[in-house]
Structure formats: structure tokens, C-alpha cells
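Chemist: Next up is a structure, given as C-alpha cells.
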Amino acid sequence: MKIVEISTLLTCPGRNYLIVKVRTEDGLVGYGDATLNGRELAVQALIDRHLAPWLTGCEAERIEDIWQMVFRQTYWRGGPVQMTALAGVDMALWDLKGKLYRTPVFQLLGGKCRDRVRAYFHVHGRGDDELLERCRAKSDEGCHALRYSFETADPFERATVYRQPHQDRISEKRIEVTAETLRNPPRWDSRIYSEDLLRITAVLRRELGAHVELIHDAHERLSAGQAADLARKLEPFNLLFLEDPVEPLHKDSLALIRSSSTTPIAMGELYNTVQDCLPAIQNHWIDFLRVDVSHFGGITGVRKAASLAEAFGVRLALHGPSDISPLAHAANLHIDYSIPNFGIQEAVLPVGELLQVFQTAAAYRGGFLSLGECEGLGVEVDERAARSFPYRPAYLPLIRDNEGAVHDW
Ligand code: GCO
Ligand code: MG
């Protein structure tokens, strides 16, 4: 069954998503997600101009072979743009194969290892009180795993507020910034943030009790020493994990954190290949691997990393932010169902205009995600609706330190 067309659709139902569509000679269609936040056009050009002509005519069922062709035979390996393009094509091929055999993708991956998938959600508050109130509300809804973030005022220059990356509470969308905002970015001070994090975490643990799972994302903003110190001081509060304590290029820093503390560590949303994950996994520096199905060569790529992690007792907590589409969130679920070393799933529920473009078989109830009856990924794409929400240029935010130098975001 030959591929006759690979095309892309860039849509902005609230934020930008790049949808990949693969069509075969039998008229079957599969969809995948190739969204790379802030670099959508680069991925789109790679798929439309380079991959589509090259892959047209290939056998659609030979998913691994196509994966190897794109990963190895193009000579230029890895990197976020290429691995996102590959991810979109790979996901679409799995979707298509599921539709061909009229079965959900998790069946093709070996079948279910669990009946439902434990999920965690983002909770953001401006200060201790607001954060606590929102955590309580989320936990009253039945969600007992919370990734908390907050804003903190500079004690010396009270007008300066430090913000952590977060998603809007109502729409669950990250607030993207315009070119104008990039010229005057907000400030950041890791020392002040670390002190406030310790205070806020103590409040949350005390007020929410021992059984709520707490997750904190440091978003690669700390130095190795700061992260090691913080991880050690967070031990009494029993986090499920501390995420991305250091930036991804500083993999060796994880060794210092591990030798200083027993706080579980999660990392991986900025890794693109199994080779990127290797040191963290084989040295037992992390407890949870958080790769992103859309930036890691799709389901085929993530399955490779999952097997490697399984051998070292590392569990998966796949990246599931609002900047990947319901197609990728569904792909996450199919993987979560079918791997033995699942940990927890980061979740965002589709709202607003997103629901006009994507109808997903994924459902959420009382802290768990599940998939209803479905074929392929279980996501219907309304292309007409997608076309009615044209691309809007948007950027990831920047921050600078108090002297005005660039700081990791
Ligand atoms: C998370 C992440 C994201 C990223 C975003 C960047 O853990 O959910 O850190 O929110 O900031 O994916 O585009
Ligand atoms: Mg993160």
C-alpha cells in the first residue's frame, strides 16, 4: 500500500499546531503532530519540500524502515527540527496502520499493560494563598498529582516579579509573546526563586497532606550547584519528581544532583534522540524520562527510549504540554498503555477552538486518562475547521537576569 501524498496543515485554534497528513493509494489517511513551538515554519518546509517528495511511493506499512530512512539515510541526524518532522510522519503512519487493521495503536504496540493512565495537571498561582487554593480545587476535582508553579516578588525591588513558565488556568494555553515583548523581557533571579520554592513547597505539603503527589518543574533555570542544593533541601517534602533542574546540554550536572540528594529527578523534554538520553539513563541519574513524542521521532522513537529506560528501572512521564496537539496527547496515551515502565502522564485537556479541529477518543475522569473505542490514534481532524484558524506568528518567552544578561528560560 503505497504512500501517494504527504501534506501539512498549519493551524492556530488558540495556538499553533502543525498537522501532518499521509494518504495512501487505497485512500486511507493518517494524521500526526509535527508541532515545534516557535519553529513551526521550519518543520513545515522540511516536511513539504524535502520529505514529502522523497517518501512518496514508499510502502506505508514499513514504519520502522521509513523511520530509519529519515533518521539515518538523510545523513544529517537528530536535532529538534528533523526529529519533529520525523515524529509527524511516524505518528501519521501509526494512525494509518491502526485504521487499516481497524484497531487502536496500543494494540499494534503489544496491547494494554494497564486499564487507565494516571495523569497530572498544571496549577499556577501568583502567591502562596492563590496557589494553595487552586491546588485544593484541583485535588477536590479528583486530581491528586499536581505540577505547581508560582510568581515571586523581588524583596529588594518590589516592582520586579519573577514568573515561572506556566499555562493559563482557564484556557490551559501558554501565553505566547509577541516580538515586542521579546525586546523587554521579564527578569529572573534563581536564588530568590529557590528560597521561595522551599517555603511554598512546605506550605503545600503541610496543607494538602501526605498523599497528594507534588511535581515541580525548575525549567532548566538552575546551575548544577543550585540544583543539587535545592534537591537536597526539598527531600522532606517528598516530591514525585523535580523536573529539568539543569539545562539539557549540561548532562553531567545530573551526577552532582544525584550524589547530593534522594529527591527523584525527571528530565527529557529537550532530548531528541535515544543517544541524547543515554548518559542520564545508564548512569541512573534520573528516575523519570520525559521525552516528547512530537520532538523525538514519534511513537517509534519513544518506544526505543522506553525500552532502554525499562532496562535501567527508569519510568516514563511523557511531556504533554499545551503546545502539542490532541494527536500527540493521544499518541502519548497509546504508549502509556502499552509500556511496562509507565510512571505518570502530563495532561492538558482540549478546550475552546481546539475542540472544533480535533475530536479525541481520550477522556479524563478523576485523575486518570483513558481511551474509548477507537481506530488508529483515535483523533478525528476537521481540516476545514483547521483551515479557518490561520497561523499566527508567536514566540516562546525570554528572560534576562537582573544585570540584563540572557538567562535560560
Ligand atoms: C512542561 C514544559 C512545557 C514547555 C513548553 C515549551 O513541562 O510542560 O516545560 O510547558 O515549557 O513545552 O514549548
Ligand atoms: Mg517541563
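Chemist: Mind checking Rg over Rh on the chain, alpha carbons, Kirkwood formula for Rh?
Modeler: Rounded to two decimals, Rg over Rh is 0.96.
Chemist: Helix 128-140 sits at what angle to the longest principal axis of the chain, using alpha carbons and giving 0 to 90 degrees rounded to 10?
Modeler: 50
Chemist: Hey, another quick one. Using the Kirkwood radius built from alpha carbon pairs, what does the Stokes-Einstein equation give as D for the range 282-347 at 4 °C and 1.567 mPa s, in µm² per second?
Modeler: After rounding, the answer is 111 µm²/s.
Chemist: Where Rh is the Kirkwood radius over the Cα pairs of the range 3-104, the temperature 25 °C and the viscosity 0.890 mPa s, what D in µm²/s does Stokes-Einstein return?
Modeler: For the chosen part, D equals 182 µm²/s.
Chemist: Over all directions, how big on average is the projection of the convex hull of the alpha-carbon atoms in the range 321-399, in square nanometres?
Modeler: Working: hull surface 29.1 nm².
Averaged projected area of the range 321-399's Cα convex hull equals 7.3 nm².
Chemist: Tally Lys/Arg at +1 and Asp/Glu at -1 over every other residue whose Cβ is under 10 Å from the Cβ of Ile66; what's the total?
Modeler: With Lys, Arg at +1 and Asp, Glu at -1, the net is -4.
Chemist: Report the full-extension gain for the segment Gln73 to Asn238: residue separation times 0.36 nm, less the Cα-Cα distance, to one decimal in nm.
Modeler: 54.8 nm
Chemist: Running a GNM on the chain with Cα contacts under 10 Å, which residue among Met69, Met83, Met267 ends up with the highest mean-square fluctuation?
Modeler: Met69
Chemist: A follow-up question, please. If you average the sequence gap of Cα pairs under 8 Å that are 6 or more apart and divide by the length of the chain, what percent do you get for the contact order?
Modeler: Details: 886 pairs, mean separation 91.3, N = 409.
About 22 percent, as a whole number.
Chemist: Can you give the Rg to Rh ratio of the range 279-319, both from alpha-carbon atoms, with Rh computed by the Kirkwood formula?
Modeler: Looking at the range 279-319, the ratio lands at 0.94.
Chemist: If the cut-off is a Cα-Cα distance under 20 Å, which lysines reach Lys112, setting aside same-chain residues fewer than 8 apart in sequence?
Modeler: Lys97, Lys99, Lys304
Chemist: Pull up the cross-link candidates among the lysines for Lys138, meaning alpha carbon to alpha carbon under 27 Å and not fewer than 8 places away within one chain.
Modeler: Within the straight-line limit of under 27 Å, Lys138 reaches these lysines: Lys173, Lys233.
Chemist: Wrap a convex hull around the Cα atoms of the range 255-409, take a quarter of its surface area, and give that in square nanometres.
Modeler: If you wrap the Cα atoms of the range 255-409 in a convex hull and average its projections, you get 12.2 nm².
Chemist: Rounded, prolate or oblate: pick one for the range 190-270, where a ≥ b ≥ c are the square roots of the eigenvalues of its C-alpha gyration tensor, a/c under 1.5 means rounded, and failing that, prolate if a/b is larger than b/c, else oblate.
Modeler: Cα axes put the range 190-270 in the prolate bin.
Chemist: What is the helix-to-structure angle for 80-100, meaning the angle in degrees between its Cα long axis and the longest Cα principal axis of the chain, kept from 0 to 90 and rounded to the nearest 10?
Modeler: 50
Chemist: May I pose another question? Kindly work out what percent of the DSSP beta bridges joining two residues of the chain are antiparallel, to the nearest 5.
Modeler: Roughly 55 percent of the DSSP beta bridges within the chain come out antiparallel.
Here, each number is a calculation from the coordinates, and none is a lab measurement. Because the structure is a prediction, the values reported are computed rather than measured. Cβ: placed from backbone, ideal geometry, glycine included. Neighbour counts: every protein chain shown.
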